[in-house]
1. If only one of Ile475, Ile465, Ile418 is among the aliphatic types (A, V, I, L, M) and closer than 17 Å to Phe74 by Cα, which one is it?
2. Taking into account only those residues within the stretch 149-171 that are aliphatic (A, V, I, L, M) and outside any helix (DSSP H, G or I), which is farthest from the chain's Cα centre (by Cα)?
3. Could you check the stretch 64-146 for strands (runs of 3 or more DSSP E) lying wholly inside it with 2 or more residues that are in contact (Cβ under 8 Å) with a residue 24 or more places away in the chain and among the β-branched types (Val, Ile, Thr)?
4. Hey, which of the helices (runs of 4 or more DSSP H) in the stretch 397-484, taking only ones fully inside, have at least 2 residues that are within 20 Å of Pro138 (Cβ to Cβ) and not hydrophobic (A, V, I, L, M, F, W, C)?
5. Inside the stretch 350-404, can you point out the residues that are within 17 Å of Ser218 (Cα to Cα) and β-branched (Val, Ile, Thr)?
6. Name the one entry in Ala413, Ala384, Ala376 that is free of Cβ contacts under 8 Å to residues at least 12 places away in the same chain and either among the aromatic types (Phe, Trp, Tyr) or on the phi < 0 side of the Ramachandran plot (or both).
7. Quick check on my filter: what residues within the stretch 87-119 are among the small types (Gly, Ala, Ser), at pLDDT 95 or above and within 21 Å of Gln266 (Cβ to Cβ)?
8. Which condition does Glu86 not pass, out of (1) under 24 Å from the mean Cα position of the chain (by Cα); (2) closer than 29 Å to Ile410 by Cα; (3) not aromatic (Phe, Trp, Tyr), if it passes all the others?
Amino acid sequence: MENAISKLEPRSVWHFFSRIAKVPRVSGNEAGIGDLLLEIAREHGLGSSRTPDGNIILTADATPGLQDHPRVFFQAHMDMVGVKEEGLSFDFSRDPISAVITEDGFVTAEGTTLGADDGIGMALALAALTAPELRHPPLAAVFTVSEETSMQGALALTPDDIPGSLGINIDSEDIGEICIGCAGGLALNIAYTPEISEVPRDFGTIAITVANGRGGHSGMEADRGSLNAATALLTLICSLANEDIKVNLSSLNSGTVRNAIPGSGQAEIALPEALINKALDSLEDISARITEKYRNADPDITITIDRAPNRNIMVSAQDTANIINLRGLNTGILERTPDGQPLTSCNLGRISFDGGKAEAFILGRFATEAGKEMLAARLKKTAADAGAVITFEERYSQWEPVYESPLCRIMAASYREITGEEPRSTVIHAGLECGLLRNLRPDLDIVSVGPNVFGAHTTEERVEISSVKTCYDWIVRALEKLSS
């Protein structure tokens, strides 16, 4: 299938994407993909360098006669979100993505995220950098690490790393959209260390499993109404308190990364054997209410409640209550724009407890300074009220839109010429690195574009083949205009 994908059009784009898909590259494990980019640079005579934090910067000379034109650089991130189907034997640290072509015109992966976010962005940039027939000004590309988790790569860049005053970020997911602004982010890791004891002999254990949720991108799909499985598990356990049933958490695991809505998870609770049947009945009732609530937005959800063998440990009832209170970290959408678009939100992307400490990984998004401060205060209060501590905090700024910039006008005209359609300028409730780059170079004129990518951060991720060609043609036409 790899050969079939590499023969799609534009051939060069899919050739590079096939090579990229072979290299494991979840966030924090980008050394291999960096090596590949440097190898490609050597193959094609590009200038190349690797920054201390692992970012890769490539440069290409201008077509003769265009050396004095302003340099244009592409920007994409090297890492991907690793999510796999439950029960699939797949190791994101070593296994290549198995990409396939679907009958309805998409490339997707078998049982995992595809990594089109942002592997297709890298492939499009590489194709433009290496196209021998393309007439262009001086070009460059900045490929960053850890965009999906902390923006670490972009945050580590210096003004000297920004190779031009015109930038095309290729990390958007809707062909025909010219993104000119995005939300900022607040990433927090929160830890809680409970009192641990052995499970008494007269206790039993109940396992609660949430499965088959849609999940999704915590920014782009924040308003879709999907179930957050981590919050659902904590809500189910909390519901028992209303029945005066005190329980003790034995294990908890839901989600993989902070910027994806968890669609599955499992918790185990220990409680006196005499209360097991009452708890089972109560949990079944609440489970039915939850599945009914999400019947339209998340129709495939399943929640199962079963007896389970006792684990060796449990936490106290009070510590269990404190961990349950961390569900308040998943605020959902807190503020909206006047036309109803998400403005401020927070996602509980991962929570776990397995014998040591409980940990929660969250990502808040904001479009204003007031929203950022309100969100930070609310999250920190939720953690403090639960007796938890913040072990990691990182923020990245929002990208303030510049309407009708010269580059935006060129991109709009280019899209009209190749498609006959009018493009749309957008500001999105998701994180892009453009704002961080503009902080380093205030004169930077930058936009974000991309082909149609659906289901990012889920096992349903897929990229539309025809839109990849449209996106490449769009970029080529813009470079032609910038060469005139």
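1. The unique qualifying residue is Ile475.
2. Within the stretch 149-171, the match that is farthest from the chain's Cα centre (by Cα) is Leu166.
3. In the stretch 64-146, 99-101, 106-109, 139-144 are the strands (runs of 3 or more DSSP E) which contain 2 or more residues that are in contact (Cβ under 8 Å) with a residue 24 or more places away in the chain and among the β-branched types (Val, Ile, Thr).
4. Because the criterion is at least 2 residues that are within 20 Å of Pro138 (Cβ to Cβ) and not hydrophobic (A, V, I, L, M, F, W, C), the helices (runs of 4 or more DSSP H) in the stretch 397-484 that meet it are 406-419, 465-482.
5. Ile351, Ile362, listed by residue number.
6. Only one candidate passes the filter, namely Ala384.
7. Ser89, Gly111
8. (2)
The values are calculated or read from the model by the stated rules, or taken from the named source; none is laboratory data. In this text the structure is predicted, and so the values were computed from the model without any measurement. Don't worry about glycine lacking a Cβ; one is built from the backbone with ideal geometry, like all the others, and counts go over all protein chains shown.
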